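K.L.:
If you scroll down you'll find the structure; I have some questions about it.
The values are calculated or read from the model by the stated rules, or taken from the named source; none is laboratory data. Everything quoted here is computed from the prediction, not taken from an experiment. Cβ placement follows ideal geometry from the backbone for every residue including glycine, while neighbour counts extend to all protein chains displayed.
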Amino acid sequence: MRDDLKIRPRRLRENSILRDMIRETRLDPAQFVMPVFVTGGSGVCEEMSAMPGIFHLSVDCLDGELEAVRKNGVRSILLFGVPDTKNAQGSSAWDESGVVQKAVRYIKSNYDFLVITDVCLCAYTDHGHCGIVDEEGRVLNDETLELLSRVAVSHAQAGADMVAPSDMMDGRVGSIRKSLDEAGYSHIPIMSYSTKYASAFYGPFREAAHSAPSFGDRKTYQMDYHNAGTASLESALDMEEGADILMVKPAMPYLDILKTVKTETNLPVAAYQVSGEYALLKNGITRGLVGEEAAYEALVAIKRAGADIIISYFGKEIKQLIGKFG
Ligand code: PBG
């Protein structure tokens, strides 16, 4: 035996009771948010090709999914609309009988979920951009703000508990905050997609939400992933404008950013493990390339880096994952 080895970190890994005792990071279903895609029509329950286990659902088909989420101890959902009609302005986004508005009313009157709504135009515009567009194809910032505010107010009117703007226009948090306050919704929090990079990891989502831009890309409004500094700037701006919760998106390839944002703010920070992250893990697990524990490990890493809230498509199986690997 070597007598010069005084410090032996392995001592505290000796058995699972010790390991559990000193564990720093634990996942709790209460901190998870499950994304749910709602379509128009009825009887729609279509699994997405790139995202096994994730469905397009019409309002009448939501029950099974919501039950699965609830059984996993997840209390919050993030709603995305996949509307039947699209136009240049994306006006079905603020229609009081739009897909999201209908779904919110249904869920709030039948369930006990905290319902968060994604506020954006890309799934509702015929060109697929997150704002309105001029003749040259430029996405117009200030003109879009008013429309986003309308969407947020219509979600609050339908009964949403929280709104989550994901468009990345400058000033949208302040504009939405003002409109919500004026409409009598000063109690409704805003979870801002404050740090949202222009990422290739959104691919499966865009296919799911039919929201890929028909020309150009989102690089004039979503952030350049070569840069970390803008995360601090965007977070500070959204805080000043009245955001209640900040977000970093995507999650796993951006843990450095998540850690920085968490250190720089006193607000809760959400991390969004996006569609591409889920698709890679899920399909990798299904094909036996990695074990199921990789999904759990990825979520632990996101929490360890500083996420208070995790938005994840694994939400509807999180209890099993924690049960098996936690
Ligand atoms: C809408 C929006 C997107 C996502 C969330 N809200 C797509 C995009 O910005 O292109 C991505 C979510 C995911 O990939 O899971 N703007």
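K.L.:
Does H226 qualify as being surrounded by fewer than 23 Cβ atoms within 10 Å (Cβ to Cβ), within 16 Å of the ligand (Cβ to nearest atom) and not aromatic (F, W, Y)?
P.N.:
It is false that H226 is surrounded by fewer than 23 Cβ atoms within 10 Å (Cβ to Cβ), within 16 Å of the ligand (Cβ to nearest atom) and not aromatic (F, W, Y).
K.L.:
Shifting gears a bit: Just to check your reading of the model, which residue among V119, V139, V133 is within 27 Å of S232 (Cα to Cα), without any contact (Cβ under 8 Å) to a residue 60 or more places away in the chain and within 15 Å of the ligand (Cβ to nearest atom)?
P.N.:
Exactly one residue qualifies, and that residue is V119.
K.L.:
For the condition at pLDDT 95 or above, more than 10 Å from the ligand (Cβ to nearest atom) and surrounded by 15 or more Cβ atoms within 10 Å (Cβ to Cβ), what is the one hit in S166, S194, S186?
P.N.:
Every option except S194 fails the conditions.
K.L.:
Any residue at all in the range 276-295 that's at pLDDT 95 or above, of a type in the set (K, R), away from the ligand (no atom under 16 Å from the Cβ) and touching a helix residue (DSSP H, G or I) at 6+ places or on another chain (Cβ under 7 Å)? Don't jump to the end; show me each part of the working.
P.N.:
Filtering the range 276-295 for residues at pLDDT 95 or above gives 276-295.
Narrowing the set further to residues that are of a type in the set (K, R) leaves 282, 287.
Going one step further and asking which of them are away from the ligand (no atom under 16 Å from the Cβ), we end up with 287.
With touching a helix residue (DSSP H, G or I) at 6+ places or on another chain (Cβ under 7 Å) added as a condition, the list becomes none.
No, the range 276-295 contains no residue that is at pLDDT 95 or above, of a type in the set (K, R), away from the ligand (no atom under 16 Å from the Cβ) and touching a helix residue (DSSP H, G or I) at 6+ places or on another chain (Cβ under 7 Å).
K.L.:
Can you name the condition, by its number, that D161 falls short on among (1) within 16 Å of the ligand (Cβ to nearest atom); (2) within 23 Å of I310 (Cβ to Cβ)?
P.N.:
Among (1) within 16 Å of the ligand (Cβ to nearest atom); (2) within 23 Å of I310 (Cβ to Cβ), the lone unmet condition for D161 is (1).
K.L.:
Go through the range 172-218 residue by residue and tally those that are in a loop (DSSP other than H, G, I, E, B), more than 13 Å from C122 (Cα to Cα) and either of a type in the set (D, E) or in contact with a Lys or Arg (Cβ under 7 Å, 6 or more places away or on another chain) (or both).
P.N.:
So the answer is 2.
K.L.:
Same structure again: Suppose we keep only residues that are surrounded by fewer than 19 Cβ atoms within 10 Å (Cβ to Cβ) and among the small types (G, A, S) within the range 200-223. Which one would you say is modelled with the highest pLDDT?
P.N.:
So the residue we want is A200.
K.L.:
Right, here's the next one. Just the residues that are surrounded by 10 or more Cβ atoms within 10 Å (Cβ to Cβ) and in contact (Cβ under 8 Å) with a residue 60 or more places away in the chain, please, taken from the range 11-26.
P.N.:
Within the range 11-26, T25, R26 meet the criteria.
K.L.:
Here is a list of conditions, (1) farther than 19 Å from A208 by Cβ; (2) within 16 Å of the ligand (Cβ to nearest atom); (3) surrounded by 22 or more Cβ atoms within 10 Å (Cβ to Cβ); (4) not aliphatic (A, V, I, L, M), and S76 meets all of them except one; can you say which number that is?
P.N.:
Going through the list (1) farther than 19 Å from A208 by Cβ; (2) within 16 Å of the ligand (Cβ to nearest atom); (3) surrounded by 22 or more Cβ atoms within 10 Å (Cβ to Cβ); (4) not aliphatic (A, V, I, L, M), S76 breaks only (3).
K.L.:
Okay, next question. Would you mind stating whether A212 is in contact (Cβ under 8 Å) with a residue 12 or more places away in the chain, touching an Asp or Glu at 6+ places or on another chain (Cβ under 7 Å) and within 11 Å of the ligand (Cβ to nearest atom)?
P.N.:
no
K.L.:
Right, next: Name the one entry in L233, L237 that is among the hydrophobic types (A, V, I, L, M, F, W, C), in a helix (DSSP H, G or I) and touching an Asp or Glu at 6+ places or on another chain (Cβ under 9 Å).
P.N.:
L237
K.L.:
In the range 50-158, which helices (runs of 4 or more DSSP H) lie fully inside it and hold 3 or more residues that are touching a strand residue (DSSP E or B) at 6+ places or on another chain (Cβ under 6 Å)?
P.N.:
Filter on the range 50-158 gives 99-110, 141-158.
K.L.:
Now a separate question. Test Y272 against the stated conditions and say whether it is touching a Pro at 6+ places or on another chain (Cβ under 9 Å), touching a residue at least 24 places away in the same chain (Cβ under 8 Å) and of a type in the set (F, W, Y). Please lay out each step first, then the result.
P.N.:
On the way: touching a Pro at 6+ places or on another chain (Cβ under 9 Å): yes; touching a residue at least 24 places away in the same chain (Cβ under 8 Å): yes; of a type in the set (F, W, Y): yes.
The answer is yes for Y272.
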